[in-house]
Amino acid sequence: MDSAEILAQIASEVSTCQACALYHSRKNAVPGEGPANSEIMFIGEGPGFYENEQGRPFVGAAGKFLEELLAQAGLKRSEVWIGNVVKCRPPGNRDPLPEELAACDKYLERQIAAINPKIIITLGRYSMGKFMPNAKISAVHGQMRRIGDRFVIAMYHPAAALHQAKYKPDLITDFARLPKLLEQARSALAKSAPAPAEEAQEEPKQLSLF
Ligand code: SF4
């Protein structure tokens, strides 16, 4: 299976999943969407009212704001992958519980492996917690950290910035830096990429003793 087929397979499994209690309140599961070869994955918290209605991520006011922030960074929504740490709506938009996060993580892990993005951008505390368990978002937002084969940047959730204006300037600044950070990530990952096959197959050079 190629990456797009793997993502479709995951979306199909998510639509009938009953691995945690959130399936009871689900109208439509929201597996996430975007190109299978996205360089950037945005990971939010969980579906809200409109997302649950439509089965698509970030379609309400926060989604509109996210699209404005992307445009400011010279990116289109259709160029990036967007999803959440839990795929079904928590009742009343409550925070996801630890057991729900744990149950749903397997899908996100498979999505990350299939897409293999250069940068993961976490939106809000819950997705940040997956990659930087003890970090405070106020201290680390906008900073790019290498974690394994990719980079992770924590940012405030667009919905938080809409509800509390104090977060908005930081979120706008962090998005404005995204083109530069993406260039840095591309360059760093290219330098650390394995050698091409023909070079890797060269005879090892003899070591000189002098
Ligand atoms: S939130 Fe995730 S683990 Fe829970 S039922 Fe939905 S898809 Fe399954």
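The values are calculated or read from the model by the stated rules, or taken from the named source; none is laboratory data. It should be emphasised that the depicted structure is a prediction, and the values quoted were computed from it without experimental measurement. With ideal geometry, Cβ positions are generated from the backbone for all residues, glycine too; neighbour counts draw on all protein chains shown. Protein only, heavy atoms only, side chains kept; ligands, DNA and RNA dropped before computing areas. Shrake-Rupley method; radii C 1.70, N 1.55, O 1.52, S 1.80 Å.
Values as computed for the structure displayed
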{"read-out": "Flag if residue 57 is open to solvent by less than 20 Å² (accessible area, probe 1.4 Å), in contact with a helix residue (DSSP H, G or I) (Cβ under 9 Å, 6 or more places away or on another chain), free of Cβ contacts under 8 Å to residues at least 40 places away in the same chain and assigned to a loop (DSSP other than H, G, I, E, B)", "value": "yes"}
{"read-out": "Scan of the stretch 153-173 for residues that are open to solvent by 40 Å² or more (accessible area, probe 1.4 Å) and not in a helix (DSSP H, G or I), ordered by number", "value": "164"}
{"read-out": "Matching residues in the stretch 17-40 - criterion: being in contact with a Leu (Cβ under 9 Å, 6 or more places away or on another chain), open to solvent by less than 30 Å² (accessible area, probe 1.4 Å) and either more than 9 Å from the ligand (Cβ to nearest atom) or of a type in the set (Lys, Arg) (or both)", "value": "32, 36, 40"}
{"read-out": "Among (1) within 16 Å of the ligand (Cβ to nearest atom); (2) open to solvent by 50 Å² or more (accessible area, probe 1.4 Å) - the single one residue 86 does not satisfy", "value": "(2)"}
{"read-out": "Unique residue being open to solvent by 40 Å² or more (accessible area, probe 1.4 Å), within 16 Å of the ligand (Cβ to nearest atom), more than 20 Å from residue 12 (Cα to Cα) and out of contact with any His (no Cβ under 8 Å at 6 or more places or on another chain) when the list is 130, 106, 136", "value": "130"}
{"read-out": "Meets criteria (at negative phi, of a type in the set (S, T, N, Q), crowded, with 17+ Cβ neighbours inside 10 Å and at pLDDT 95 or above) for residue 78", "value": "no"}
{"read-out": "Condition check for residue 43: open to solvent by less than 20 Å² (accessible area, probe 1.4 Å) and within 16 Å of the ligand (Cβ to nearest atom)", "value": "yes"}
